[in-house]
Every structure is written in structure tokens, then in C-alpha cells.
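*Asks:* Below you will find the structure I want to go over with you.
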Ligand SMILES: [Zn+2]
């Protein structure tokens with residue numbers, strides 16, 4: 001299972017309504033609307049997946 005970064009839902013990769021690639025990673029979405037929201041502002045949704053430290057390169 002993957003996590004929809006927009007709404008936080010668990011999404012089955014096989015059944016995902018939409019997916020997007022961003023910075024070499026594939027993200028799965030429960031609905032096309034979530035993908036649209038993600039693509040408008042990907043950083044916003046990725047930042048809110050807390051926990052890990054940010055690495056600056
Ligand atoms: Zn969603």
C-alpha cells in the first residue's frame with residue numbers, strides 16, 4: 001500500500017485512481033482530484049509527511 005500524500009489515505013498501487021512522478025518518486029492517489037492538487041503544489045504535501053529531517057544538498 002502507498003499513502004496518498006494529499007489526503008493521507010492508504011492507496012493500493014494496483015487500484016490507484018491516479019499516480020504522479022515527482023523527483024524520481026512515484027506517488028499514488030485515491031482520486032484524480034488528489035493528483036491535481038498534488039501537482040499544483042507538490043512541496044506543500046510532501047512537507048506535511050513529517051517525521052524525517054530535511055537534508056540539504
Ligand atoms: Zn486522496
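*Asks:* How many residues are out of contact with any strand residue (DSSP E or B) (no Cβ under 6 Å at 6 or more places or on another chain) and within 13 Å of residue 9 (Cα to Cα) when one looks only at the range 19-32?
*Replies:* Summing the residues that are out of contact with any strand residue (DSSP E or B) (no Cβ under 6 Å at 6 or more places or on another chain) and within 13 Å of residue 9 (Cα to Cα) in the range 19-32 gives 1.
*Asks:* Taking the range 30-48 on its own, how many of its residues are crowded, with 16+ Cβ neighbours inside 10 Å and either on the phi > 0 side of the Ramachandran plot or away from the ligand (no atom under 13 Å from the Cβ) (or both)? Spell out how you get there, then give the answer.
*Replies:* Residues of the range 30-48 that are crowded, with 16+ Cβ neighbours inside 10 Å, as a first pass: 30-31, 34-35, 37-38, 42, 45.
Now drop any that are not either on the phi > 0 side of the Ramachandran plot or away from the ligand (no atom under 13 Å from the Cβ) (or both), which leaves 42.
Number of matching residues: 1.
*Asks:* So which residues in the range 4-25 are touching a residue at least 12 places away in the same chain (Cβ under 8 Å), part of a strand (DSSP E or B) and more than 8 Å from the ligand (Cβ to nearest atom), if there are any at all?
*Replies:* Once the filter is applied, which keeps residues that are touching a residue at least 12 places away in the same chain (Cβ under 8 Å), part of a strand (DSSP E or B) and more than 8 Å from the ligand (Cβ to nearest atom), the range 4-25 yields 18, 19, 20, 22.
Every number here is computed from the coordinates shown, using simple stated rules; none is lab data. Note that the structure is predicted; figures quoted are calculated from it, not measured. Neighbour counts run over all protein chains shown; Cβ positions are idealised from the backbone, glycine included.
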